[in-house]
Amino acid sequence: MKLYSAPGTCATAMHIALEWIGKPYDVEHIDFATMKSEDYLKLNPSGVVPTLVDGDLALPEGSAILLYLVDQNPEAGIGPVAGSADRVHLHRWLAYLSGTLHPYFWPVFAPMRFTTDANGYDEVTAAAKQLVDKALTQIDQHLEGREWMVGEGKSVADAFLYAMASWSYGFEKSTSEYKNIDALVCKLAADPAVLKVHAAQGTSPKVPVAA
Ligand SMILES: N[C@@H](CCC(=O)N[C@@H](CS)C(=O)NCC(=O)O)C(=O)O
């Protein structure tokens, strides 16, 4: 099994999941130019990370990869298995993280993709930060009185949130201000598997890396 990733990106979550599973895997960190190369576009037509390659399967989309890893490794305890009561909540939160929170960050990191007005980047960034705040507030409220995003134990949804929450530690309203999210991030930042992923990436917990 091989994961294509890049340091500090959402693919950090899939890398953490592979560490939690504990079976052999390869990870290749690629840069933005390689993501747009002809060979890589055959694996991931969007030209982004993550992509998981498992035999003949080349699977893009972070949430699909996380569900695949849960289903292929039911004994690993990295998320509710198909058919269990909590499984629907795993779908819900992976969809929210990949479909709502993640896209809200993009205009902050790449405002030029969201306006044709070269003088309008500050406004795009400011508006996107308000959306990030809205989504993080909703997640923080969900975490009130809970230890983990889904069910009673850590899951791939926590790893996915961990990866994205790291992006806003440098914002005017830092991730630290969402106390339940920050508590979850701090817990995972002490997880040996997470520390191993940071070491492989050359990154550190809570230090923002532009996605
Ligand atoms: N919908 C995709 C989005 C993945 C994505 O945007 N990945 C970012 C890193 S966090 C990326 O590789 N961006 C490169 C680019 O947009 O050029 C998913 O959930 O896997």
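The values are calculated or read from the model by the stated rules, or taken from the named source; none is laboratory data. None of the values given here were measured: they were computed from a predicted structure. Counting neighbours? That spans all protein chains shown, and the Cβs are built from the backbone with ideal geometry, glycine included. Note: accessible area is taken over every heavy atom of the protein model, side chains too, but ligands, DNA and RNA are not part of it. Shrake-Rupley method; radii C 1.70, N 1.55, O 1.52, S 1.80 Å.
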Residues of the stretch 1-27 classified as in contact (Cβ under 8 Å) with a residue 60 or more places away in the chain, assigned to a loop (DSSP other than H, G, I, E, B) and of a type in the set (D, E, K, R), total: 0
Some residue of the stretch 41-60 being more than 13 Å from the ligand (Cβ to nearest atom), on the phi > 0 side of the Ramachandran plot and exposed (fewer than 13 other Cβ atoms within 10 Å of the Cβ): yes
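Test of understanding: among Leu66, Leu52, Leu59, which residue is farther than 23 Å from Val207 by Cα, assigned to a strand (DSSP E or B) and either assigned by TED's automatic domain parsing to the domain that holds Leu101 or under 15 Å from the mean Cα position of the chain (by Cα) (or both)?
Testing whether each residue is farther than 23 Å from Val207 by Cα, assigned to a strand (DSSP E or B) and either assigned by TED's automatic domain parsing to the domain that holds Leu101 or under 15 Å from the mean Cα position of the chain (by Cα) (or both) leaves just Leu52.
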Unmet requirement for His29, which otherwise passes all of (1) farther than 20 Å from Ser166 by Cα; (2) open to solvent by 40 Å² or more (accessible area, probe 1.4 Å): (1)
Residue under evaluation Val70, criteria (1) surrounded by 18 or more Cβ atoms within 10 Å (Cβ to Cβ); (2) farther than 20 Å from Asp191 by Cα, criterion not met: (2)
Residue match in the stretch 28-47 (condition: within 19 Å of the chain's Cα centre (by Cα), in a loop (DSSP other than H, G, I, E, B) and touching a residue at least 40 places away in the same chain (Cβ under 8 Å)): yes
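Is one or more of the residues making up the stretch 138-156 assigned to a helix (DSSP H, G or I), at pLDDT 95 or above, open to solvent by 80 Å² or more (accessible area, probe 1.4 Å) and not assigned by TED's automatic domain parsing to the domain that holds Met14? Quick ask: steps written out before the conclusion?
Kept after step one, since they are assigned to a helix (DSSP H, G or I), are these residues of the stretch 138-156: 138-143, 156.
Still in the running and at pLDDT 95 or above: 138-143, 156.
Filter again for open to solvent by 80 Å² or more (accessible area, probe 1.4 Å), leaving 141.
Imposing the further condition that a residue be not assigned by TED's automatic domain parsing to the domain that holds Met14 reduces the set to 141.
Within the stretch 138-156, one or more residues are assigned to a helix (DSSP H, G or I), at pLDDT 95 or above, open to solvent by 80 Å² or more (accessible area, probe 1.4 Å) and not assigned by TED's automatic domain parsing to the domain that holds Met14.
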Tally, over the stretch 172-202, of residues that are surrounded by 17 or more Cβ atoms within 10 Å (Cβ to Cβ) and outside any helix (DSSP H, G or I): 2
Subset of the stretch 89-121 (residues that are without any contact (Cβ under 8 Å) to a residue 60 or more places away in the chain and either away from the ligand (no atom under 15 Å from the Cβ) or small (Gly, Ala, Ser) (or both)): Arg92, Ala95, Gly99, Ala110, Thr115, Thr116, Asp117, Ala118, Asn119, Gly120, Tyr121
Failed criterion for Gly79 (all others in (1) within 16 Å of the ligand (Cβ to nearest atom); (2) at positive phi hold): (1)
Residue count for the stretch 88-119, restricted to those that are among the basic types (Lys, Arg) and more than 22 Å from Leu69 (Cβ to Cβ): 1
